[in-house]
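The values are calculated or read from the model by the stated rules, or taken from the named source; none is laboratory data. These numbers were taken from a predicted model, which means no experiment stands behind them. Glycine gets a Cβ as well: all are built from the backbone with ideal geometry, and neighbour counts include every protein chain shown. Quick note on the areas: whole protein, heavy atoms, side chains included, nothing else; ligands and nucleic acids left out. Shrake-Rupley method; radii C 1.70, N 1.55, O 1.52, S 1.80 Å.
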Amino acid sequence: MRAYSSDALVLRTYRYGEADQIVVFLTEDRGKKRGVAKNATKSRRRFGGGLESLSRGQAAYVEHETRDLVRLDRIETRLSPFRAASGRDADAAAHVLGHAAYFAELLDEWAPDNAANERLFRLGAAVAEALCAGGSVDALARYFEYWLLRLEGVYPALDRCPRCGRASLAAGAVLVLAERMYVCVDCAHGGPALSANAMMFLREAGRLTPADVGSRAGDAAALGELERAHDRLIAMHLEKELRSARVVRELRPVS
Ligand SMILES: [Zn+2]
């Protein structure tokens, strides 16, 4: 048996017996872990409001060589989307919490078990922080999707059209899903289209921090275009549609 203490993000939890919970969490230094939190539903002292998706805190856990599940003793929460959303009106709070669950589910899908991925952790932590600070939820979501796919090396190139070699896609592009690439409008035959504003968002996302992106309102139409393109890229990469992505869409106010 060996005890560890790590900066961690909670990805999800589920009930385990009467009062225990299984907690899936992403540690900064040792990757994704699954732990049993004894009496978690009752102990506010050890898990005080810290087990919601995308909460961040110092996790103390014990590993046993022969078991997959670790024993999660406590999480000292520093950041909680649940707390951050509590002061807002019901629709805004649901928007924040729905996205916290969506981001956490994406991290869960992306993160390998027991293998540290420091860049992924830093991305998740920075986006969680910007979300809690009240940043633009939709801009953060598109930013997060872009960087997840980019860290995996599967985000389409933005600098040129692979079909005709045109040296810029700044005027707009179309996603060719089967080949996982963006082509210029002249080379496209249908597919999700991205306007000049959407392409500008992507270029800026490459150099901005989540806090920067969250502080800008962003062009709603461009964010909608990116949502559709990213949705397909992610579904293709994961070979499924995420449950939380559907929930986020259904929660959106009808405009
Ligand atoms: Zn072209």
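General observations
- Rounded tilt (10° steps) of 196-205 against the dominant C-alpha axis of the chain: 40
- By the beta carbon rule, with partners counted only under 4.7 Å, the chain holds these lone Cys residues: Cys132, Cys164, Cys187.
- For segment 19-33, 3J(HN,Hα) computed residue by residue from phi via the Karplus equation (6.51, -1.76, 1.60; θ = phi - 60°) reads 10, 8, 9, 8, 10, 9, 9, 9, 8, 5, 9, 9, x, 7, 10 Hz, glycine and proline entered as x.
- Under 18 Å of direct C-alpha separation, and excluding same-chain neighbours fewer than eight residues apart, Lys240 reaches no lysines at all.
- The orientation-averaged projection of the convex hull spanning the C-alpha atoms of segment 76-234 amounts to 10.1 square nanometres.
- If R0 is 25 Å, the Cβ-Cβ spacing of Ala19 and Gln58 corresponds to a FRET efficiency of close to 0.65.
- Taking θ as phi - 60° and the Karplus parameters 6.51, -1.76 and 1.60, the scalar couplings of segment 213-228 work out to 5, x, 7, 9, 5, x, 7, 4, 5, 5, 5, x, 4, 5, 4, 5 Hz in sequence order, x denoting glycine and proline.
- For the chain, with +1 on Lys and Arg beta carbons and -1 on Asp and Glu, the positive-most of Val174, Ser5, Leu151 along the dipole: Ser5
- Whole-percent carbon and sulfur share, accessible surface of the chain, 1.4 Å: 48
- Length gained on full extension, His237 to Arg249, computed as 0.36 nm times the residue gap minus the Cα-Cα distance: 2.4 nm.
- Efficiency of FRET between Ala133 and Asp186 - r from beta-carbon atoms, R0 51 angstrom, step 0.05: 0.80
- Mean accessible surface per residue for segment 1-150, computed with a 1.4 Å probe while every protein chain stays in place, in Å²: 45
- Qualifying GluC sites (Glu not before Pro) for segment 43-89 [loop in DSSP, other Cβ within 10 Å: at most 16]: Glu65
- Averaging the sequence gap over all C-alpha pairs within less than 8 Å and six or more residues apart, then dividing by the number of residues, gives the chain a relative contact order of 16 percent.
- Summing +1 for each Lys or Arg and -1 for each Asp or Glu among the other residues whose beta-carbon sits under 9 angstrom from that of Ala59 gives -1.
- Based on the convex hull around the alpha carbon atoms, segment 33-108 presents an average projected area of 5.6 nm².
- 13 Å reach of a label modelled at Glu118, 7 Å along Cα-to-Cβ, counting backbone N of segment 25-49: 28-31
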